[in-house]
Number of protein chains: 2
Amino acid sequence: MSGQAVTLADVALAAGVHPSTVSRVLSRPQLIGEPTRTAVHEAVARLGYVPNRAARQLAGGRVGSIGVLVPDITNPFFAQIVRAVQQGCRDAGQTMLLADTDQRADEELSGARALAGSVDGFVVCSPVADMKGWRSVVGDTPLVLVNRRANGISSVALDQRAIVELGVQHLRDLGHRTIGVVRGPTAYWSSRERDRVIRTLDGITVLGPVAPDFQAGIALAAELMASSVTGVLAFNDVQALGIMAGYRAAGRSVPHDLSVVGSDDIAAGAMSDPPLTTVTAPVQQLGVTALQLIEQLIAGGGATDEVSLPVSLTIRRTTKAAARGAGTHLARRGEPQ
Amino acid sequence: MSGQAVTLADVALAAGVHPSTVSRVLSRPQLIGEPTRTAVHEAVARLGYVPNRAARQLAGGRVGSIGVLVPDITNPFFAQIVRAVQQGCRDAGQTMLLADTDQRADEELSGARALAGSVDGFVVCSPVADMKGWRSVVGDTPLVLVNRRANGISSVALDQRAIVELGVQHLRDLGHRTIGVVRGPTAYWSSRERDRVIRTLDGITVLGPVAPDFQAGIALAAELMASSVTGVLAFNDVQALGIMAGYRAAGRSVPHDLSVVGSDDIAAGAMSDPPLTTVTAPVQQLGVTALQLIEQLIAGGGATDEVSLPVSLTIRRTTKAAARGAGTHLARRGEPQ
DNA sequence: TCGATTCGTGCAAGCGTTTGCACGACGGTC
DNA sequence: GACCGTCGTGCAAACGCTTGCACGAATCGA
């Protein structure tokens, strides 16, 4: 009455050909002669045939679905990526299997294990498990990493160097001399990467590691107030928002007492008061690119690719020029820049 | 070398039994004798056997996955539901197929069509397509609705009456007399439901319909400022945040010039300035319940169920007592209440 | 004009499960 | 002690599709 009643055989019958011919028309049309092809297509359309995924997979063809793992779908950053991937999948007639790993390495691996064999490939966002574990789980199922790099594995990541440099430079341009940069959890590749960048910069006050969440941001605010930092680059927007909340709670004001730059540019940042200056990431693009890479890998284009996506600065209202006196003592002992 | 190498047959061989026996141990253990059962379990564990989804489905058994459709995964409200469902799935050894419908009826239906036959059941969040369309697509695949009701279909929804009443009552308790309630898009069941509640209330200024997003909230702020409304219940938190932004941009202040109550209690609300007073929805519970319902339906417990989830008021700082004079003119002509 | 290609299609063997059926062994009843 | 139910397990047929192989027809070069 419904649910997958019409099969390949039905179509074949209707078109007066062999089932295998129908199959070929659908998967590799160039093998089939023009007249037959149109006849089959007509029958497919008339009967409303939809291939059975399971059967297709079982027979050894493509599965037609890709697995996506994210640390936390509740995080708008990942939600946007997922959305982009899903839209791409839809346009390509694929389906997406999603698993939320709760930022735990074991969940990551067990999630992948559960999906392995039911997907053509994996897109994994900010994984924390080590690559040896990953390899053993996915075997030779294509795999692309988002915001993480690893030898011999395709990946797409934000330009972490640019994030740090853009944020810091903006603060410097505003005259800030004592600039803080917040480190993230070392489990993240992005954190480690930024650390490396930070080390190459002069006159930076390194803070953290601090968790990339609101509460941690609030806690960090106290530390900031006790320091001479006048401008800070947070690890991400949520943390930045936390810093702002901490200042507010203490009766201090952003950007008057502290200039804050976030990173990612999530929607909540644009809605905050004042709206958050941040380093905008092409989040959508991250998803789109990941999908492209995995499709390419699935199609057999074996080359591994490491794509780096550029970021840009979005200036809103949490940053302002440093007060005359502020940071002077640092300027005295620091880099004239 | 990996990727689903070990099959039922391998396990059977290792355990010295017939494949069908292994299958039964895994699906209906009570049919099999104790000694055999343990032997099989041991072999399964030792070999690290993972059933092949496609084969299982093809053979007519359970698919082991459920399809979830959301209007917008980027919306934290839905993201949280998805997360809850996914965790439940994981615990039950199921997988989740997610599709984002972009709030479009056609995407909803075509998404469902693509998934039909690959899932044991559907969980559909706030669908806008009509139920006739749905029925024709899903056939007799189990279906549960989240935040939408329909005859003869299991569903779980928030108590829309309570949302409106809680919000309005809070404002009344604070002495507000000219209270605005914002309607949402009529495509949503929740909107229509709230409309019905609003009609039963006296002395309410009905606003909208207004889209449940930030921009629309900003636009609404102008209208609000021109009115005599001193307290407003927004359709959801994001819209409420928009209203606040609109006031701020106009140099007015919340809650001084307007008390605002949101609805949903998303994370961004707690992080706003001032933090948003809102009607808190048990979002997690929404997902958990939906999963329970669908599992029950899949298991064959045919009864359709309409669950209503209670909400509660979370008072933060966007509401305050009405100024003495405010709303007097309304009190004059309005209900003494 | 004939052999060698190429092209288009049919055939059938799987892919890994589930499940209805059958069959042997065992224990209890008259 | 023969008979019947029960219980535990093996057997084999499906599920819907893909794909290597084979075979006849059409095409081309010499």
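Checking each residue in the stretch A:34-61 for being open to solvent by 70 Å² or more (accessible area, probe 1.4 Å) and either more than 13 Å from DNA strand C (Cβ to nearest atom) or modelled with pLDDT under 85 (or both) picks out A:E42, A:A45, A:R46.
If a residue has to be more than 9 Å from DNA strand D (Cβ to nearest atom) and not hydroxyl-bearing (S, T, Y) to count, how many in the stretch A:1-24 make the cut?
Step one: filter the stretch A:1-24 for residues more than 9 Å from DNA strand D (Cβ to nearest atom), giving A:1-3, A:13-17.
Imposing the further condition that a residue be not hydroxyl-bearing (S, T, Y) reduces the set to A:1, A:3, A:13-17.
Total meeting the criteria: 7.
Candidates in the stretch B:268-290 are the residues that are among the hydrophobic types (A, V, I, L, M, F, W, C) and surrounded by fewer than 19 Cβ atoms within 10 Å (Cβ to Cβ); of these, the one that is farthest from B:R172 (Cα to Cα) is B:V288. In this structure, B:D265 qualifies as open to solvent by 10 Å² or more (accessible area, probe 1.4 Å) and either in contact (Cβ under 8 Å) with a residue 24 or more places away in the chain or over 14 Å from B:R317 (Cα atoms) (or both). Can you find even one residue in the stretch B:7-14 that is within 14 Å of chain A (Cβ to nearest Cβ), over 24 Å from B:I294 (Cα atoms), in contact with a Pro (Cβ under 8 Å, 6 or more places away or on another chain) and within 16 Å of DNA strand C (Cβ to nearest atom)? Checking the stretch B:7-14: at least one residue is within 14 Å of chain A (Cβ to nearest Cβ), over 24 Å from B:I294 (Cα atoms), in contact with a Pro (Cβ under 8 Å, 6 or more places away or on another chain) and within 16 Å of DNA strand C (Cβ to nearest atom).
What about B:R90, is it within 12 Å of chain A (Cβ to nearest Cβ), without any contact (Cβ under 8 Å) to a residue 60 or more places away in the chain and open to solvent by 40 Å² or more (accessible area, probe 1.4 Å)? Yes, satisfied. Got a sec? Which of A:V123, A:V128, A:V156 is buried (at least 22 other Cβ atoms within 10 Å of the Cβ), within 19 Å of the chain's Cα centre (by Cα) and away from chain B (no Cβ under 14 Å)? Unique residue meeting the criteria: A:V156.
Of the numbered criteria (1) within 15 Å of DNA strand C (Cβ to nearest atom); (2) within 23 Å of B:A54 (Cα to Cα), the one A:P29 fails is (2).
Of all residues in the stretch A:231-262, those satisfying the criterion of being surrounded by fewer than 24 Cβ atoms within 10 Å (Cβ to Cβ) and outside any helix (DSSP H, G or I) are A:A250, A:G251, A:R252, A:S253, A:P255, A:H256, A:D257.
Count, please, the residues in the stretch B:62-74 that happen to be more than 8 Å from chain A (Cβ to nearest Cβ) and buried (at least 20 other Cβ atoms within 10 Å of the Cβ).
Of the stretch B:62-74, the ones more than 8 Å from chain A (Cβ to nearest Cβ) are B:62, B:64, B:66-71.
Checking which are buried (at least 20 other Cβ atoms within 10 Å of the Cβ) leaves us with B:66-71.
The total comes to 6.
For the stretch B:54-71, the criterion of being free of Cβ contacts under 8 Å to residues at least 12 places away in the same chain, more than 16 Å from DNA strand D (Cβ to nearest atom) and more than 25 Å from A:V137 (Cβ to Cβ) is satisfied by no residue at all.
Which one is most open to solvent (accessible area, probe 1.4 Å) among residues in the stretch B:159-188 that are of a type in the set (S, T, Y) and farther than 16 Å from B:G203 by Cβ? Steps first, please.
Just the residues of the stretch B:159-188 that are of a type in the set (S, T, Y), to begin with: B:178, B:186, B:188.
Next, only the ones that are farther than 16 Å from B:G203 by Cβ stay: B:186, B:188.
Details: B:T186: 76, B:Y188: 35 Å².
Filtering the stretch B:159-188 for residues that are of a type in the set (S, T, Y) and farther than 16 Å from B:G203 by Cβ, the one most open to solvent (accessible area, probe 1.4 Å) comes out as B:T186.
Yes/no per residue for (1) within 14 Å of chain A (Cβ to nearest Cβ); (2) in contact with a helix residue (DSSP H, G or I) (Cβ under 8 Å, 6 or more places away or on another chain); (3) in contact (Cβ under 8 Å) with a residue 12 or more places away in the chain; (4) among the aromatic types (F, W, Y):
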position	(1), (2), (3), (4)
B:T186	no, yes, yes, no
B:T200	no, no, no, no
B:G203	no, yes, yes, no
B:P209	no, yes, yes, no
B:G217	yes, yes, yes, no
B:A221	yes, yes, yes, no
B:G231	no, yes, yes, no
B:D237	yes, yes, yes, no
B:A249	yes, yes, yes, no
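Got at least one residue in the stretch A:67-85 being aromatic (F, W, Y), more than 15 Å from DNA strand C (Cβ to nearest atom), in contact with a Gly (Cβ under 8 Å, 6 or more places away or on another chain) and modelled with pLDDT of 90 or more? Let's see the steps before the verdict.
Of the residues in the stretch A:67-85, the ones aromatic (F, W, Y) are A:77-78.
The next check asks that each one be more than 15 Å from DNA strand C (Cβ to nearest atom); those that pass are A:77-78.
After this cut, where a residue has to be in contact with a Gly (Cβ under 8 Å, 6 or more places away or on another chain) as well, the list is none.
No, that holds for no residue.
The values are calculated or read from the model by the stated rules, or taken from the named source; none is laboratory data. The structure presented is a predicted model; accordingly, all values stated were derived computationally and were not measured. Backbone-built Cβ (ideal geometry, glycine too); neighbour counts: all protein chains shown. Just the protein is used for accessible areas: all its heavy atoms, side chains included, with ligands, DNA and RNA removed. Shrake-Rupley method; radii C 1.70, N 1.55, O 1.52, S 1.80 Å.
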